[in-house]
Amino acid sequence: MAGQGHAIRNGIVAAALVALSASPSLAETIDIIDDHGGSSTSYAARWAQYRRDGVHVRIAGPCESECTMVIGHLNREHICVTPEGSFGFRLADLPRATATLWRSYPTDIKVWLSRNGGLTRQLIWMRAPEVYRFFRQCEVAPRYSSFSVVK
């Protein structure tokens with residue numbers, strides 16, 4: 001009987017490991033390079049799914065309008081910004097969508113926006129180095145040469 005208990009426990013452990021490895025999004029990092037926004041409903045759903053999956057986001061270029069909703073949907077420790085990354089804030093096309101954008105922003109971002117003129121038709125940019133007051137800078141990945149020297 002003891003052997004059967006070990007076999008069952010080992011089977012459960014193996015099944016759990018397979019389930020964990022089948023979910024690559026647990027450690028996935030998504031790069032945002034040139035995102036000009038779109039439907040606030042679609043973006044809210046995307047960022048909520050990324051949050052549930054534990055996805056990390058690297059802002060490596062412009063993230064405009066509805067793309068900026070990532071700020072309120074993901075934990076800050078899951079967002080990093082490269083020196084080329086930036087957030088572009090503006091009014092949405094519809095008042096209801098603008099309200100959705102505004103509600104998605106944390107208080108410190110709302111304060112920053114208010115101090116910089118608020119949401120208007122013109123983009124307000126948050127770039128380096130100022131963006132690093134709110135978000136961490138992405139770590140630079142080590143670069144390896146494509147050849148090796150053998151002595």
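Readers should treat all values here as calculations from the given coordinates under stated rules, not as data from a laboratory. Note that this is a predicted model, so its numbers are computed, not measured. Note that we place each Cβ from the backbone using ideal geometry, even for glycine, and neighbour counts take in every protein chain shown.
Points worth noting:
- Computed over neighbours whose Cβ is under 12 Å from that of HIS36, the net charge equals -3, Lys and Arg +1, Asp and Glu -1.
- Kirkwood Rh in Å, taken over all unlike Cα pairs in region 19-117: 13.9 Å
- For the peptides 46-59, 76-89, the ranking by mean Cβ contacts within 10 Å, running from highest to lowest, is 76-89, 46-59.
- Inter-site label distance for ARG96 and ARG76 at 7 Å from Cα along Cβ, in nm: 3.3 nm
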